[in-house]
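Colleague: Quick one: this structure, given as structure tokens, is what I'll be asking you about.
Just so it is clear, none of the values below were taken in a lab; they were calculated from the coordinates. What you are looking at is a predicted structure, and each value in this text was computed from that prediction instead of being measured. Cβ coordinates were reconstructed from backbone atoms using ideal geometry, including for glycine residues, and neighbour counts include every protein chain displayed.
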Amino acid sequence: MKPQSLRRAASAILVAASLVIGGAASAHAADGPQPAAADRQAAAEPVLRDLAAAQGIYYGTAVTASKLNGTYGTITGEQFDSITPGNEMKWGSVEATRGSFTWSGADAVVDFAEAHGQRVRGHTLVWHSQLPDWVSNGTWTADTLRTVMTDHIATEAGRYQGRIDHWDVVNEPFNEDGTRRQSVFQTAIGDSYIADALRAARAADPAAKLYVNDYNVEGVNAKSTALYNLVKSLKEQGVPIDGVGLQAHLILGQVPSTLQANIQRFADLDVDVAITELDIRMTVPPTSAQLAQQKAEYKAVTAACVAVARCEGITVWGFTDSDSWIPDFFDGYGAATPYDENFQPKPAYYGIAEALGWVDDGSPDPVGACAVGYAVQSQWNTGFTAQVTVRNTSTTAISGWRLAWSWPAGQSVTQAWNATVTQSGAAVTAANASYNAAIAPGAAVTFGFNGSWSGGNTAPTAFTLNGTACTMS
Ligand code: 9MR
């Protein structure tokens, strides 16, 4: 362990101790005890939360409360030691109508975290978006909106007092050029709304670390410099601010080269830093080269945090491509998270693990390399029959497989044989039948299906087997 990590290790132990003292770790015994860290580390596959803890940081994910069961819940609990509600703590979610609060989603996230020995990043108290109409379209004076804002903070942060590790108190206060965003808070209250919000949050939950969070502030640029100047001035005025969140919604090939230097300059202001919403999007369907580059970039971002003592941890904005905001917001982009839509770890996952000190033992990737042949055997006005061959080109046996692809032209599978095929939107998954789960090294299995098409029947050209990209044969 690096000397600079000792302080962080000590605080990690304190966190663990306080969870036990507070009874949080045992309060939900119905879910069963969590495996001891040593047991998890002994597993062949990396466990991000343990690897991160050994480096003195946390590894977190944004979650959707309603999905916290089944495979999604299992991976969330096993791999991550911090969770952030993706939407459930936003103003519009908790106080859509003035004075009438809905806590079910937020409570579910906090309860899950406590049952799994995880921290919670509270997200977010004051933000221009996902704000109820009664706030964004209200008629306010500085005093009336300040009171509404600080009441909201007192109620929400007060409800979870002692149970939230970090609050994103103010989210996205800046424009790209470093001027203040003209949110309702900015226009009604003025520049001081940020200090007012931070003071209210400190009063409501003195133990929570209070953050200002923004996007496109990962590298050194006009916007991050405005954030830097804000933090500097808040510190000088004695306003309670503990940290800066760099969201890090990144595009493949565009990780800022100044990321680590930027984290360091905030640290030098005597605040903590966290990467709070990491994802790295690419055009879809992804090629194996893109997935390999994404691995390198997740590794680089993770390494930049590990390298700076005040960087507390990293949160990915959804751990699986099936729970990512990217496809809904950026046409033609996706594949931004470390797990694919079928919950299989992607190369990016191993990149994170490597940056956290995990050493690949040299054995082939657990899923093996693969080559896929795709052939349309017959086609008629609205239908077609296709055959798919999946070859194990690695030197290890495959025992159980899921082949995934995305339709390029709106096709859909209507009936399949020798595999169980499911489709959601354009995303298709073919899982082995019980009798063809094993594929020996060099061997292949074949399955077929009928599909429907209209307009065009362009063949898919990118397949993943258990999350790893295959070549085409
Ligand atoms: O992940 C969130 C998504 O489900 C919502 O539809 C979206 C609405 O704006 O907000 C997403 O989360 C945002 C986060 O709260 C703040 N930073 C940007 C995130 C992506 O939009």
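Colleague: Rounded to the nearest 500, what is the chain's calculated 222 nm mean residue ellipticity when only DSSP H runs of at least 4 contribute -39500 (n - 2.57) each, over all residues?
Modeller: Rounded to the nearest 500, the figure is -9500 deg cm²/dmol.
Colleague: Sorted by average packing, counted as other Cβ atoms within 10 angstrom per residue and highest first, what order do 238-244, 340-346, 72-78 take?
Modeller: 340-346, 238-244, 72-78
Colleague: Among bridges DSSP assigns within the stretch 107-220, what percent are antiparallel (round to 5)?
Modeller: Percentage antiparallel, nearest 5: 10.
Colleague: Share of antiparallel DSSP beta bridges in the chain, in percent to the nearest 5? Don't skip to the end; give the middle numbers.
Modeller: On the way: 47 of 84 bridges.
In the chain, DSSP labels about 55 percent of beta bridges as antiparallel.
Colleague: Sticking with the crude label model, points 7 Å out along Cα→Cβ, report the distance from Ala261 to Ala431 in nm, one decimal please.
Modeller: 4.9
Colleague: Next up: Run the simple label-point estimate for Asp361 and Thr74 please: 7 Å along Cα→C-beta, distance reported in nm.
Modeller: 2.1
Colleague: On to the next question. Which three semi-axes in whole Å describe the equivalent ellipsoid of the stretch 336-440, each the square root of 5 times a Cα gyration tensor eigenvalue, listed largest first? Don't skip to the end; give the middle numbers.
Modeller: On the way: eigenvalues 175, 60, 25 Å².
Working from the Cα gyration tensor, I get semi-axes of 30, 17, 11 Å.
Colleague: I'd like to compare 171-184, 313-326: which one has the highest average count of other Cβ atoms within 10 Å, and what's the full order after that?
Modeller: 313-326, 171-184
Colleague: So for the chain, taking the charge dipole from beta-carbon charges (+1 Lys/Arg, -1 Asp/Glu), which of Gly178, Ser406, Cys370 sits furthest toward the positive end?
Modeller: About the Cα centre, the residue reaching furthest to the positive side is Cys370.
Colleague: Kirkwood hydrodynamic radius, computed over distinct alpha-carbon pairs, for the stretch 119-189: how many Å, to one decimal?
Modeller: In the stretch 119-189 this quantity evaluates to 13.1 Å.
Colleague: In units of 2.2 N^0.38 Å, what is the alpha-carbon radius of gyration of the stretch 200-337?
Modeller: Against the empirical 2.2 N^0.38 Å value, I get 1.12 for the stretch 200-337.
Colleague: Report the FRET efficiency, 1/(1 + (r/R0)^6), for His128 and Thr287, where r is their Cβ-Cβ distance and R0 is 35 Å, rounded to 0.05.
Modeller: Computed FRET efficiency for His128 and Thr287 comes out at 0.40.
Colleague: Here's something else I'd like to know. At q = 0.12, 0.22 Å⁻¹, what is the log10 ratio I(q)/I(0) for the stretch 71-147, with the Debye formula run over Cα points and no solvent?
Modeller: -0.42, -0.97
Colleague: Taking 2.2 N^0.38 Å as the expected size of a compact globular protein, what ratio does the Cα radius of gyration of the stretch 267-362 give against it, to two decimals?
Modeller: 1.12
Colleague: For the chain, take the convex hull of the Cα atoms, compute a quarter of its surface area, and give me that in nm², please.
Modeller: Mean projected area of the Cα convex hull: 23.9 nm².
Colleague: Sort largest first and round to whole Å: the equivalent ellipsoid semi-axes of the stretch 99-233, each the square root of five times a Cα gyration tensor eigenvalue.
Modeller: Numbers: eigenvalues 120, 78, 34 Å².
After diagonalising the Cα gyration tensor, the semi-axes are 25, 20, 13 Å.
Colleague: Suppose every Lys and Arg Cβ carries +1 and every Asp and Glu Cβ carries -1, with no other charges. What dipole size does the stretch 45-180 come out with about its Cα centre, to the nearest 20 debye?
Modeller: 180
Colleague: Starting from the coordinates of the alpha-carbon atoms of the stretch 198-278, obtain the Kirkwood hydrodynamic radius over all distinct pairs and give the value in Å to one decimal.
Modeller: 13.0
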